[in-house]
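Notes for the one structure printed next.
Throughout, read-outs are computed from the coordinates displayed, never taken from laboratory work. Small disclaimer: the values here were computed from a predicted structure and weren't measured. Note that we place each Cβ from the backbone using ideal geometry, even for glycine, and neighbour counts take in every protein chain shown.
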Amino acid sequence: MTVTAGPTAEFDEAGRLDRLLRFDPRTEARYEAEHGRERVAALRQVVVFGTVIYNADNFTSLWLTPDLVGLSLVGHLLVVSPVSLILAWLVARVGPTGRERLALLGMVGAAALPVLLFWLTRAPYGDYMLHGAILSIVFGNMLLALRFRDALAFTGLLVLIAGLAVATKPDLDPDLRIALPVQFVTGCAFSLYANYRMERQRCREYLRVSAARSASEAAEAARRRYQDLSGTDALTGLPNRRLLDERIQDWLAEERPLALLMIDVDHFKLFNDTLGHPEGDACLRRVAAVLSGFASDPGILAARFGGEEFTVVLRDAGSLEPTRFAAALVRAVEELGLPHPGRRDGTGVVTVSVGIALRAAGARVTRDDLFEQADRALYQSKRRGRNRYALTDGAETFAAAG
């Protein structure tokens, strides 16, 4: 079934997140690898900024809680601020789970301090200190962008702490015991919902990008597989005529020496007539396996030319290397010992004949010229008895047994 863009794709993205907006472990690990450093840098910057603003807001305690100015200064400047900076330093030295837990811990401490001052103070305007906790929650959920699961725990814990403080604070106006929790919960709900939307957007955007990237990679892999298949002979697994032509054109465009070997399985029609085409295919695969073993170097290309004919191209080949290669190849095929009962020359096993054409470094030789020379050499090797190779330099042809 084909998956199309739109609601179905959106559902698939959402389906990879749980209710707390957590990725599956594999996706989480990939996200961390791609964005972990960015998250650490953002946390550090935001914590430093938040610490400055947090302490600036501390000056309001001079008017709101004059009875607790000393405690407020100590709590803000000597406890919360240095601990926050230490945590900002530590986030780069722990794993992703530990990093987010440190951020959560720092925010709980920062928000709990104004709740404590609210509960302890007896100053006329001390009840306004509760706003500091709300600001801390907004900061943690929206600017620090706690992960939603941590934002939920952070907000819920502070609602509980603030609710207990309002419920147990002595001499608090009865109307404020109702109004303050409503204000607190309202502010918390706004910031938590904003956090949820931002986190969901972050997660879904990453999943969309990942899905697009995966689709692109899959398309590229499919293209490469198709390209590989279109350049591979189905029977033997060797490169086919198409890939052979492309590679020869590329190598002929260079100034380096080149050798082309045309290889033909001797009396192959008789082999098929005697043993049948399935055995003929098996024979070609065995010969192709020998060629493949000889073509392990990147400067050697072995390909199926068609029918029972194969081709080997040697890059940077001098005058001696192609003949040694051909002799070894002729000998290796003969040593396979594949029975050939249809032969009438007394050999009795499958053999090959090879024709060699050379292109000297810098010489101007076309592809057609090279194949014509190799064909002429192959004809000579067959005429002189098969199971051998022949070499042509464009004018003369020399033959030798394998």
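The calculated FRET efficiency for the pair residue 85 and residue 217, based on their C-beta separation and a Förster distance of 30 Å, comes to about 0.10. Relative intensity of the stretch 17-100 on a log10 scale, I(q)/I(0) at q = 0.22 Å⁻¹, equals -0.99, per a Debye sum over C-alpha point scatterers of equal strength in the absence of solvent. Legend: Rg and Dmax of the stretch 241-401, from Cα coordinates, 15.2, 47 Å. Between residue 241 and residue 384, the distance separating the two model label sites (each 7 Å from Cα on the Cα→Cβ line) works out to 2.9 nm.
The modelled label-to-label distance between residue 292 and residue 365, using points 7 Å beyond Cα along the C-beta direction, is 2.8 nm. Each peptide in 254-260, 83-89 gets a packing score, the mean of other Cβ atoms within 10 Å over its residues, and the list from highest to lowest is 254-260, 83-89. Taken along the Cα-to-beta-carbon direction at a fixed 7 Å, the label points for residue 143 and residue 277 span 8.0 nm. Long hydrophobic helices in the chain: the complete DSSP H runs spanning 27 Å or more by Cα along their own axis with mean Kyte-Doolittle hydropathy of at least 0.5 are 96-120, 148-168. The equivalent ellipsoid that matches the C-alpha gyration tensor of the chain spans semi-axes of 86, 22, 15 angstrom, in descending order. Across every pair of non-identical alpha carbons in the stretch 1-159, the mean reciprocal distance, once inverted, gives a Kirkwood radius of 17.4 Å. What you get for the chain, charging only the Cβ of Lys and Arg (+1) and of Asp and Glu (-1), is a dipole of about 360 debye around the Cα centre.
The Kirkwood radius of the stretch 264-310, taken over pairs of alpha-carbon atoms, gives through the Stokes-Einstein law at 10 °C and 1.306 mPa s a diffusion coefficient of 140 µm² s⁻¹.
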